[in-house]
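Have a look at the structure below before the remarks.
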């Protein structure tokens with residue numbers, strides 16, 4: 001089930017399964033992916049299990065490794081043994097993925113998905129209302145000056161295409177063999193290739209096409225326009241047949257954004273969204289715990305992940321899919337529509353698994369080498385959503401950006417809410433998709449700006465204090481412990497729009513422990529602004545959940 005802001009997500013190191021389904025998905029024989037426990041030691045694991053060998057370090061920080069063993073051994077026995085090992089938190093096979101592109105002919109020459117005038121037999125306004133959105137913003141920068149980045153995980157890219165604006169890692173010195181910026185990757189000046197673990201970005205058609213849909217240069221008298229005209233594209237080669245490569249590709253994006261957060265923008269990249277259009281048909285999330293958990297890890301840093309669903313007439317709720325059956329709050333799953341706002345019948349669906357639809361039939365975009373062509377498939381639908389998300393960050397007011405940087409996970413989910421709630425409702429889509437509609441960039445941006453006033457959220461600075469809220473998340477009652485020498489005088493309760501919903505006054509006689517009944521509060525994120533008897537103030541975040 002797709003959860004929105006009012007639900008609590010499972011974060012990366014809390015991701016667990018009490019039941020492991022029978023894994024019949026295609027995978028590489030003689031390989032296993034493992035995540036160690038926080039105290040787990042790789043050397044100890046390998047020394048005590050001589051049949052295992054380290055093949056690749058996927059993420060040293062997260063303790064994820066690709067192991068190999070003799071393919072003649074009973075792999076189920078090996079997997080069971082790994083899952084019972086005290087050094088290991090998660091163990092699974094290294095699954096094989098499938099590409100989700102559906103190439104089409106070269107006759108379509110008008111971008112109906114952005115602005116549908118009925119051309120080529122289409123239906124008037126069966127589009128994402130891009131020109132209306134561009135009246136508000138054309139992307140590129142946040143109000144605070146952050147350079148917005150869209151990470152495209154795909155098969156390769158033409159980095160020299162004149163209509164594409166690729167991200168450059170200016171904190172890395174090219175070809176010196178040193179990890180200058182400390183992100184864990186050497187000479188990654190132009191992105192990363194997770195297939196061969198290098199900085200070599202290979203030339204490929206599919207990734208070039210997807211990148212153009214999301215963020216081809218606009219208003220430059222050349223070729224096509226992307227949804228976002230000015231944001232930068234981070235190229236990550238990671239769409240191959242191996243699950244370990246997919247996890248490694250996402251890990252690169254994660255480390256770049258984590259570094260940005262940790263250095264307050266001095267290094268790294270302000271990645272707000274990833275886009276991918278590959279996966280495992282009929283894959284079951286219980287067999288892919290590491291892949292599914294990556295979206296929670298990215299979300300914790302403030303990154304939403306847009307994923308194309310399968311190009312088959314399947315109900316994903318019933319048969320499963322990887323990644324679009326994963327249950328991360330930070331993932332948005334996308335199906336495909338045509339120029340008449342009809343469902344593409346070779347596109348999967350599912351009211352729990354698939355969030356919304358977007359145009360994906362006969363989409364014109366950039367193509368290698370220095371050309372343009374039309375392709376079809378859910379691969380073409382998802383980058384419309386990714387581009388809209390980056391536009392929303394460009395449209396966001398400074399107060400939202402400040403809160404987002406303080407609480408990137410919570411406010412990333414707010415952006416997701418407005419993507420899903422801003423769709424154009426379509427007849428019959430309520431039985432197909434969670435949102436019941438097709439992407440509308442303009443509506444999502446306008447509703448987003450109106451909700452946050454886009455002048456002031458009311459909190460100029462969120463800072464940590466000496467107050468402990470317990471429990472947090474809370475359901476019916478919470479207790480506030482004051483570790484400061486001064487008692488609490490008042491507590492102001494503020495919602496995410498900056499509106500004060502309650503003011504609790506205690507005078508000068510309040511103790512260092514305060515209990516509050518919150519059973520009648522709506523579920524969601526709140527900020528408690530504490531003031532002590534000396535008029536010193538501080539603010540803490542609270543998450544209210546339902547019973």
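Any read-out appearing in this document is the output of simple, stated calculations on the displayed coordinates, not a laboratory observation. Everything numeric here is computed off the predicted structure, so don't read it as measured data. Cβ: placed from backbone, ideal geometry, glycine included. Neighbour counts: every protein chain shown.
Extension gain for the segment residue 132 to residue 517, taken as residue separation times 0.36 nm less the Cα-Cα distance, is 134.2 nm to one decimal.
Ranked by the mean number of other Cβ atoms within 10 Å per residue, highest first, peptides 76-86, 57-67 order as 57-67, 76-86. From a point 7 Å beyond the Cα of residue 545 in the direction of its Cβ, which residues of segment 518-539 have a backbone N at a distance under 14 Å? Counting backbone N atoms under 14 Å from the label point, the list is 523-525. For the chain, DSSP calls about 70 percent of its internal beta bridges antiparallel.
Using Cα centres only, tell me the gap between segment 149-212 and segment 236-250 in whole Å. Spelled out, the Cα-based centre of one part sits 14 Å from the other. Working from label points 7 Å from Cα in the Cα-to-Cβ sense, the residue 345 to residue 83 distance is 4.0 nm. Relative to its Kirkwood radius, the Cα radius of gyration of the chain gives an Rg/Rh of 0.98. Bridge orientation summary for segment 223-332: considering DSSP beta bridges with both residues in this region, about 25 percent are antiparallel.
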